[in-house]
Amino acid sequence: MATESKSTNRSSSWRRPLRGRSALLLTLFLVGSLALLGWYRNASMPDVGEPFDVRSFVSVSIPDDRNAFTYYRGATELFVGEPATATRGGPQGVGSRDNFEETMEKGWPLANDDYRRWLSANRPALDLWRRGTECSQALEIPPAELGLLNLPDCGPPRRLARLSLLEAARVSAEGPPAEAWTWYRAALRFSRHVGMHAATLGRLVGIGAHATCVDPVLRWSSRRELTASNLRQALADVLAIDGMTPPLSDNLKAEYLFCCANVEESTAGWSGVALRLTGYRERMHRSLNLIYANWLSQADRPRFQRTAAAGREWMLFEIGPAARPNPKVLSPAEIENRCGLPEHSTEAALVSLLMPNIVSFFEAVDRERARQAALVLGLALELYHREHGQFPAALDELVKERYLKSIPADPFGHGEPFHYRREADGRQGAVLWSVWSDGIDQHGKIEADREREAATGDKIFRIATPR
């Protein structure tokens, strides 16, 4: 019996290392199979490389004392939150958000006690915020550091921008209206800062801030107390501020880096080993390279000069017939085939999760350009009226009289100048309009629903006779 026991133990001890080696071999086989599968799937997708010079793009550096966000962060620490009644809504005129809109439209006397107290409590924050708006550069998060774990937070600075409009309304009502321009100018500069070196979210925040400024500034410009000199300065400032607007391609480049960082974060560490072995990370990067190269090829062109957008699910641009051959830029069909969209592959679905709503983003940028054109033209028209006693018969006169170098095009048109009509009754002022999202000219008579940016109709801007 003792001999049999010893024999059994020897047999068992011999099998243990064999089982260990078998498990190791099986693991290596599985790992090798996954790696081979990943290599095979990646081989069918072209590697066009990064869609732009990433190293140059991320090399931006701004000293703290010249960075607007140094002051915006300081102002955030001093910021006193909006009144509870304004946050949760309520009846108009009793601390609701409606009161803010009413104050912007009809003037400071309509501001309720909640907003007056809120403005007063935030004067230290507002003063520091305004110092930030005087900076020429702004950088909240360096592009190389963008990612899910490092997202921008423009909430408090944007609310301070709203407060600056309340302060402008107060100054305009209680003092010389010309002094209110300091605050309107600050709000417009802030709207450019948040989009600098930022991904699509930052640009959208800036677009929203800009949209909030346009109507109040146009109403302010019709104040009879303003002189031609006041309006000339405002017009020069608005043109200079427009020059601060980053190209749309910069925002897409930052968004690309944000998406790439998300891919890296999802495949990092032990939890991402399987994804790395199957080639997921490489396929995601190659897909993003193809998609963003396509978008960047058209991003900085006016809407009416971009090639047609196509694609089964993703908005991608066709290659123009006159375009120079570029191995990085493929057609929508080629990109979608390479990314596995026709087969409804898992990779295609994951790519879709990474992509921003590019259609809405391009639309928002185009709407901003229309509002900016109306702002420039509106100020020039008010200046013309101060010096000629009436609005011009046609916008060309603004160029002939050297108020503007050129008339801005309607971004939603086909390259034609922004639309304008001087009303027959001089007391009714003039009308500017864009054909807006549907591209149909309603001659400034059918206005698009303000609550729905994509509604049918024209976007109308009424230019009041000085009063």
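Screening residue 157 against (1) closer than 28 Å to residue 385 by Cβ; (2) not in a loop (DSSP other than H, G, I, E, B) leaves a single unmet condition, (1). What pairs come out if I take residues in the range 424-447 that are farther than 18 Å from residue 408 by Cβ and pair them with residues that are crowded, with 17+ Cβ neighbours inside 10 Å and not hydrophobic (A, V, I, L, M, F, W, C) whose C-beta lies under 6 Å away, six or more apart or interchain? So the pair list comes out as 427/465; 429/465; 442/457; 442/458; 446/457; 447/457.
Condition first: within 20 Å of residue 50 (Cα to Cα), touching a residue at least 40 places away in the same chain (Cβ under 8 Å) and part of a helix (DSSP H, G or I). Can you find one or more residues in the range 295-318 that meet it? Checked against the condition, which is being within 20 Å of residue 50 (Cα to Cα), touching a residue at least 40 places away in the same chain (Cβ under 8 Å) and part of a helix (DSSP H, G or I), the range 295-318 yields at least one hit.
Per-residue answers, yes or no, for (1) assigned by TED's automatic domain parsing to the domain that holds residue 383; (2) surrounded by 19 or more Cβ atoms within 10 Å (Cβ to Cβ); (3) in contact with a helix residue (DSSP H, G or I) (Cβ under 7 Å, 6 or more places away or on another chain):
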position: 394; (1), (2), (3): yes, no, no
position: 403; (1), (2), (3): yes, yes, yes
position: 407; (1), (2), (3): yes, yes, yes
position: 419; (1), (2), (3): yes, yes, no
position: 426; (1), (2), (3): yes, no, no
position: 430; (1), (2), (3): yes, yes, yes
position: 435; (1), (2), (3): yes, yes, no
position: 448; (1), (2), (3): yes, yes, no
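Of the residues making up the range 154-169, those that are charged (D, E, K, R) and either in contact with a Cys (Cβ under 7 Å, 6 or more places away or on another chain) or touching a residue at least 60 places away in the same chain (Cβ under 8 Å) (or both) number 2. Has the range 83-100 got any residue that is modelled with pLDDT of 55 or more, of a type outside the set (Lys, Arg) and under 25 Å from the mean Cα position of the chain (by Cα)? Looking for residues that are modelled with pLDDT of 55 or more, of a type outside the set (Lys, Arg) and under 25 Å from the mean Cα position of the chain (by Cα), one finds at least one in the range 83-100, hence yes. Scanning the range 103-116 for residues that are farther than 13 Å from residue 219 by Cβ and in contact with a Leu (Cβ under 9 Å, 6 or more places away or on another chain) turns up 111, 115, 116.
The values are calculated or read from the model by the stated rules, or taken from the named source; none is laboratory data. Nothing here was measured: the structure is a model prediction, and the numbers come from that model. Note: ideal-geometry Cβ built from the backbone for every residue, glycine included; neighbour counts use all protein chains shown.
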